[in-house]
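Comments concern the structure below.
All of the numbers you see were taken from the coordinates with simple rules; none came from a lab. This is a predicted model, so every value here is computed, not measured. Cβ coordinates were reconstructed from backbone atoms using ideal geometry, including for glycine residues, and neighbour counts include every protein chain displayed.
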Amino acid sequence: MSESPVRVLQGTLELLILKTLAWEPNHGFGILRHLEIVTRERLIVEEGALYPALHRMRERGWIEGEWGKTENNRRALFYRLTPEGRAELRRQHAHWSRLVEAMTRVLEPEGA
């Protein structure tokens, strides 16, 4: 039986976007596609959630955008991390790592 995809947990979308853009600048559809590939299509990110998140992140100064052409020669806004975005990525990554460690201790206790 194959696993069904799961929706992104509230509060994690920004971290996923920041990490994706840490690799290279990308446009919205490219970010969605990257997350599908990396998670082997086990994570669902709705377009209706992605674009408002990108807008919020631009307002916070974590990312900036520049118009360019996609691989299909279409005009798209390419996002990239700012120094503030890199700092936020480090903060969110550290927080997420602590959360995963705590959850793992509950779900898989030693000696159980």
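Roughly how tilted is helix 28-38, in degrees to the nearest 10 and between 0 and 90, from the longest Cα axis of the chain?
30
Using each residue's phi in region 62-68, evaluate 6.51 cos²θ - 1.76 cosθ + 1.60 at θ = phi - 60° and report the 3J(HN,Hα) Karplus result to the nearest Hz, with x for Gly and Pro.
After applying 6.51 cos²θ - 1.76 cosθ + 1.60, I find 7, 9, 9, x, 9, 6, x Hz.
Taking only Cα atoms, what is the 0 to 90° angle, nearest 10, from helix 83-107's long axis to the longest principal axis of the chain?
It works out to around 20 degrees.
About its Cα centre, what dipole magnitude does region 6-107 give when the only charges are +1 on Lys and Arg Cβ and -1 on Asp and Glu Cβ, stated in debye to the nearest 20?
The calculation lands at about 160 debye.
What's the angle, to the nearest 10 degrees (0 to 90), between helix 13-23's Cα axis and the longest principal axis of the chain?
In the chain, helix 13-23 runs at an angle near 60 degrees to the longest axis.
Determine, from the Cβ-Cβ distance of residue 12 and residue 41 and an R0 of 22 Å, the FRET efficiency 1/(1 + (r/R0)^6), rounded to the nearest 0.05.
So the FRET efficiency works out to roughly 0.85.
Test of the criteria: in region 72-106, which trypsin sites (Lys or Arg not before Pro) are in a DSSP loop and have at most 16 other Cβ atoms within 10 angstrom of their Cβ?
Taking region 72-106 and a limit of 16 other Cβ atoms within 10 Å, the loop trypsin sites (Lys or Arg not before Pro) found are 74.
Give me the compactness ratio for region 6-107, meaning the Cα radius of gyration over 2.2 N^0.38 Å.
Ratio of Rg to 2.2 N^0.38 Å for region 6-107: 1.11.
Counting only helical runs of four or more DSSP H residues, what would the 222 nm mean residue ellipticity of the chain come to if each run contributes -39,500 (n - 2.57) and the total is spread over all its residues?
When only DSSP H runs of four or more count, the value is -17500 deg cm²/dmol.
Where in the chain is the longest stretch that carries no GluC sites (Glu not before Pro) classed as loop by DSSP and with at most 13 other Cβ atoms within 10 Å?
Answer from the scan: 72-109.
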